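No value in this document is a laboratory result; all are computed from the given coordinates. On a predicted model such as this, the values are computed, not experimentally measured, just so you know. Ideal geometry is used to build each Cβ from the backbone, glycine not excepted, and the neighbour counts take in all protein chains shown.
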Amino acid sequence: MTPEITGYRPDQAPPSAPKEKLVFTPEQYPHLEFDIRAVAEEQGRTLGADSPEVAEANEAVADAYAAVNAERDEAATRTLEHISTDAELGSSVGANAQTFAILRPMVEQHGFDFDSKSVAEQQGKWNLN
Amino acid sequence: MSMLSTLVKLVTGVEPTTKVSVPRLRKVTRRDLIRMESKVGSTVFGPIPANHRREFFCLDESTWVWYEEWIDEATGKRRDMTTRYEVHPHGVLKVQDGQPYALVEGEELRNLAIATRMYREQVMRTVYHRDPVTGQKLSATAGTI
């Protein structure tokens with residue numbers, strides 16, 4: 001029997017794709033951030049970093065990222081639909097854990113910019129399905 | 001407080017932050033990474049109720065941890081619950097304080113599998129900035145979005 005937590009039962013709460021801007025902010029995708037200031041400059045205008053137009057543009061970009069990532073989450077979830085046996089589901093849970101068991105030591109040793117080839121060499125260990 | 005709860009707090013830190021941040025001035029440790037991952041993982045099951053604190057993270061290559069802390073409305077006392085999901089060759093075992101080990105099956109297992117898939121999908125992108133499938137670093141090309 002699982003203790004009930006104020007309306008939430010962890011073992012039964014349906015997973016859902018969070019769409020919080022906290023997670024998907026332009027700051028986390030600096031290489032993709034829409035640079036409205038540069039665009040304004042091309043138009044002969046100067047915008048301060050704290051101008052409403054910049055804030056509005058950043059918010060729109062964040063919304064776009066959230067939508068794209070939500071689609072990706074849904075697509076990732078759909079890949080589980082063909083899995084029907086508990087053995088396969090258990091294997092998937094294990095494979096997802098393996099991913100981080102591989103990644104963490106690499107980041108600890110080399111930082112976040114470690115060589116992608118190292119990851120490629122490990123890919124066979126973390127393929128899902 | 002149970003020993004497991006203490007362990008969870010030790011690993012994830014006591015004070016929750018509102019932002020997934022990367023420590024810049026020192027080497028990133030496994031504990032740092034778990035804390036960052038858990039910040040994302042805590043959102044996988046939807047909104048967190050008021051007066052709750054939630055952690056959901058991959059502890060190691062065979063263990064997932066769910067930690068929930070809340071205020072009991074009836075008594076006003078703080079309560080917590082830790083659920084550990086252990087991956088074994090014969091299945092996934094659920095371990096909770098004071099409860100017998102139970103094999104996770106059916107809908108619960110499916111939910112867990114989806115949750116771990118979501119965790120991987122989101123943590124790979126937001127914490128590690130890597131493609132969840134290939135592991136390649138997300139690049140500054142239009143193709144990444």
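A few notes on this one:
- Per-peptide average of other Cβ atoms within 10 Å, ordering B:71-82, B:50-61, B:93-104, A:96-107 highest first: A:96-107, B:50-61, B:93-104, B:71-82
- Near the amide H of B:Gln136, within less than 5 Å, lie the amide hydrogens of B:Asp131, all on another chain or at least 5 residues away, with H placed in the peptide plane.
- Too-long pairs where the Cα-Cα distance tops 32 Å, listed order kept, from B:Lys27/B:Lys77; B:Lys39/B:Lys94; B:Lys27/B:Lys94: B:Lys27/B:Lys77; B:Lys27/B:Lys94
- Shielding score for A:44-54, defined as the mean number of other chain Cβ atoms within 10 Å: 0
- Mean per-residue shielding of peptide B:126-136 is 6, counting Cβ atoms of other chains within 10 Å of each Cβ.
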